[in-house]
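The structure appears right after this line, and notes come after that.
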Amino acid sequence: MGFVDENKDGGETSCENKNLKEKQKMEENEEENMEDDDHHHHHHHEDEDDDHHGNNLQLGPQYTLKEQLEKDKDDESLRRWKEQLLGSVDFDNVGETLEPEVKIVELSIISPGRSDIVLPIPEDGKPKGLWFTLKEGSRYSLKFSFNVSNNIVSGLKYTNTVWKTAIKVDSTKEMIGTFSPQPEAYTHVMPEETTPSGMFARGTYSAKSKFLDDDNKCYLEINYTFDIRKEWAAT
């Protein structure tokens with residue numbers, strides 16, 4: 001009985017040793033896997049950090065247009081690429097500032113078969129009296145010319161809101177585009193519209209026009225009044 005018991009104990013001890021060895025081996029494997037995971041995880045974080053760092057680098061510091069052009073003037077291929085992208089940039093119109101400057105130099109109303117109505121642009125943006133008169137039921141477009149200097153202006157747009165007796169009757173927003181500095185003025189013609197007609201359409205209107213960029217920087221705001229009448233104003 002004792003022999004059998006001893007064998008039994010010995011067998012159990014042998015199994016325990018075997019199990020213990022297997023357990024130790026499994027733990028070692030798990031530790032190696034964990035180290036690999038940690039190593040991989042560490043690299044993953046490093047990659048993420050690199051990506052994040054890369055993204056930061058892509059954003060980069062802002063440069064004035066003059067700095068951008070000066071920076072790569074010795075790199076012929078890059079200079080040509082920038083010229084294609086920006087057009088012929090005149091250095092006299094490139095400033096030392098990040099802020100672009102847009103000046104509206106002329107506004108006029110064009111209508112088929114009629115001479116252009118050139119609108120005076122007051123410094124304070126508030127024309128005295130009626131700014132212009134339109135004939136009811138007539139086709140017309142707004143044309144304007146503007147200069148860009150210092151830097152590229154991004155997302156230049158025109159907005160116009162019209163009221164009659166304090167009720168908003170029309171609202172327009174037109175994307176004009178992105179423009180680089182140049183000595184010559186740019187010209188843009190708005191899509192053609194038709195004035196309303198009839199007894200209720202005629203009368204005096206008040207309106208507000210704005211020229212803004214992507215950052216909502218306003219380059220010109222005009223608050224004005226105009227009339228819609230049976231006939232064009234005598235010239």
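Coordinate-derived values only; no laboratory data. Quantities reported herein were computed from a predicted structural model and do not represent experimental measurements. Glycine also receives a Cβ, built like all others from the backbone with ideal geometry; neighbour counts cover every protein chain displayed.
Key figures for this structure:
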| item | result |
| --- | --- |
| Amide H within-cut-off set for L134, under 5 Å, with H built and near neighbours excluded | D227, I228, R229 |
| Kirkwood hydrodynamic radius over Cα pairs of the stretch 125-235, then Stokes diffusion coefficient at 25 °C and 0.890 mPa s, in µm²/s | 159 µm²/s |
| Where N is the number of residues in the stretch 94-150, Cα Rg divided by 2.2 N^0.38 Å | 1.48 |
| Pairwise FRET efficiency - W232 versus D124, Cβ, R0 = 25 Å, nearest 0.05 | 0.35 |
| Peptides ranked, highest mean first, by Cβ atoms within 10 Å: ranges 200-210, 182-192 | 200-210, 182-192 |
